[in-house]
Amino acid sequence: MKKIETMTPEQHAELPALRERWRAVGLATAPIHEEAARSAVRTLYAAGECPAPKAVIVLASPMACLIARAICEKLMSQQLGENQRKVLEAKLRGQLWGQLRDQLWDQLRGQLWGQLWDQLWGQLRDQLRGQLRDQLRGQLRGQLWGQLRDQLRGQLWGQLRDQLRDQLRDQLWGQLRDQLRDQLRDQLRDQLRDQLFVDPYFIGGQDAYWLSFYEFGEKIGARYGARTKELFEAYKGYALNCGWMYPFKEIAFVSDRPEQIHFDAQRRLHSSAGMAVRFRDGWGVHAWHGLRVPPRIIETKEFDAAAIESESNAEFRRVLLEREYDGRSGFELYAEQRKARLIAEDISHGFPRRLLEVNVKGEKIRIIEATNGSLEPDGSRRKFHLGAMRGETPAEVVAASYGIAPKVYAEAVRT
């Protein structure tokens, strides 16, 4: 077909609406409908020319799916009968996560490591991962992505990539997918060396960044072959109805959507009150302005200067100092607890600056406190606390930070 060189005014006007519709899909927090999810999964298997799974188990979070997978593999290795499988599926749906959280979680290192490692890990690695990679990823995602990419790259790639695909990818793929995946990997690696972790290939609505790209391409005139169209519709149906999925030859584990997703003014994952992404079983991710942090960084209610000093991660220290504790900033409390001494202060462009000194285990540390001249996206102004270089006044310290002699340096204009 003829290459699409330009879009009409009507098509340009339609683009933002479609982008926001798919963004809403990717950030949806309503519970998925279990039967609709099962139907979408079976359609996806059929489109990939894979036999339908014998069971599609819907659980509350990706973490629950991974733990259930390990338990099912252990039990199914004992040649369970069909009736037993049905009983197992019912129990997993109705009782799994509550039981795991209250009874099994503290025992996972001992029980699952001892009982499942020899039998489970070899089978999972050699059979299930191989089946997932070779059968589903290769047959379905490989066919779909390759056909769509080749058909559309020459037709409209340059026009739509920046306006649609990349905008959604940064928010959905870069934040949700990567942070949830890394949280899963870290938690499971710490306890079970990785044998439970599987990297997801099917992430539901969070694939909206590329699904929207190709759907809009079709709307403005790109034409797909019958096979490509079948695969694309199966993939869209899955994204509209499901969360993350871990598909295997005979069983598929599907996660519900998150219950809550929180962002800051720059649309970065962020919550100062709890999890930035929370699933209905209580599992999720803590984040501070896009930085994934351990729960203790956000959940700690009492400020402790010693905890700041013992924190080895500089970014986590920064968050602890930026956070508020009952209306007071962490740095304000730190200066108070360490009886910080005021060396000098001044005003720069209408904003106060302070040069402070604190005594940490016998070592005197100097800190410059300054207010950002630029507004944050939410209209606030951030205060920065930086290690101070030589100088007896804030102006001298700032000059030294630029490698300029204080007599020469002068902040006449701020841009």
Being out of contact with any Cys (no Cβ under 9 Å at 6 or more places or on another chain), under 21 Å from Ala64 (Cβ atoms) and not basic (Lys, Arg) narrows Ile261, Ile220, Ile251 down to just Ile261
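Here's the yes/no breakdown for (1) modelled with pLDDT of 85 or more; (2) touching a strand residue (DSSP E or B) at 6+ places or on another chain (Cβ under 7 Å):
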{"site": "Arg181", "(1), (2)": "no, no"}
{"site": "Leu192", "(1), (2)": "no, no"}
{"site": "Asp207", "(1), (2)": "yes, no"}
{"site": "Tyr214", "(1), (2)": "yes, no"}
{"site": "Ile220", "(1), (2)": "yes, no"}
{"site": "Gly225", "(1), (2)": "yes, no"}
{"site": "Thr228", "(1), (2)": "yes, no"}
{"site": "Ala234", "(1), (2)": "yes, no"}
{"site": "Pro258", "(1), (2)": "yes, yes"}
Among the residues of region 357-383, what is the count of those that are more than 29 Å from Gln266 (Cβ to Cβ), surrounded by 11 or more Cβ atoms within 10 Å (Cβ to Cβ) and free of Cβ contacts under 8 Å to residues at least 40 places away in the same chain? 5
When region 314-372 is examined, which residues are found to be polar (S, T, N, Q) and within 20 Å of Lys301 (Cβ to Cβ)? Ser329, Gln337
So, in region 163-172, exactly how many residues are open to solvent by 30 Å² or more (accessible area, probe 1.4 Å) and either modelled with pLDDT of 75 or more or within 19 Å of Phe232 (Cα to Cα) (or both)? 1
Subset of region 384-415 [closer than 13 Å to Leu355 by Cα and either in a loop (DSSP other than H, G, I, E, B) or open to solvent by 80 Å² or more (accessible area, probe 1.4 Å) (or both)]: Leu386, Ala388, Met389, Arg390, Gly391, Glu392, Thr393
Just name the residue that is farthest from Gly274 (Cα to Cα) out of those in region 307-346 that are outside any loop (DSSP other than H, G, I, E, B) and among the small types (Gly, Ala, Ser). Ala344
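Residues checked against (1) touching a residue at least 40 places away in the same chain (Cβ under 8 Å); (2) at positive phi; (3) open to solvent by less than 60 Å² (accessible area, probe 1.4 Å); (4) of a type outside the set (Val, Ile, Thr):
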{"site": "Pro258", "(1), (2), (3), (4)": "yes, no, yes, yes"}
{"site": "Ser272", "(1), (2), (3), (4)": "yes, no, no, yes"}
{"site": "His286", "(1), (2), (3), (4)": "no, no, yes, yes"}
{"site": "Val293", "(1), (2), (3), (4)": "no, no, yes, no"}
Every residue from region 261-290 that is within 24 Å of Asp199 (Cβ to Cβ) and either among the basic types (Lys, Arg) or assigned to a strand (DSSP E or B) (or both): Ile261, Arg268, Leu269, Val277, Arg278, Arg280, Gly284, Val285, His286, Ala287
Can you tell me which residue in region 309-328 is modelled with the lowest pLDDT, limited to those that are more than 23 Å from Arg381 (Cα to Cα) and open to solvent by less than 70 Å² (accessible area, probe 1.4 Å)? Glu309
Candidate set: region 28-47, residues that are part of a helix (DSSP H, G or I) and open to solvent by 60 Å² or more (accessible area, probe 1.4 Å); chosen: the one nearest to Val58 (Cα to Cα): Glu34
Hey, Val277 more than 30 Å from His33 (Cα to Cα), at pLDDT 90 or above, among the aliphatic types (A, V, I, L, M) and open to solvent by less than 70 Å² (accessible area, probe 1.4 Å) or not: no
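The values are calculated or read from the model by the stated rules, or taken from the named source; none is laboratory data. Predicted model, so just to flag it, every value in this text is computed and none were measured. Ideal geometry is used to build each Cβ from the backbone, glycine not excepted, and the neighbour counts take in all protein chains shown. Side chains are part of the model used for accessible areas, which takes the heavy atoms of the whole protein and leaves out ligands, DNA and RNA. Shrake-Rupley method; radii C 1.70, N 1.55, O 1.52, S 1.80 Å.
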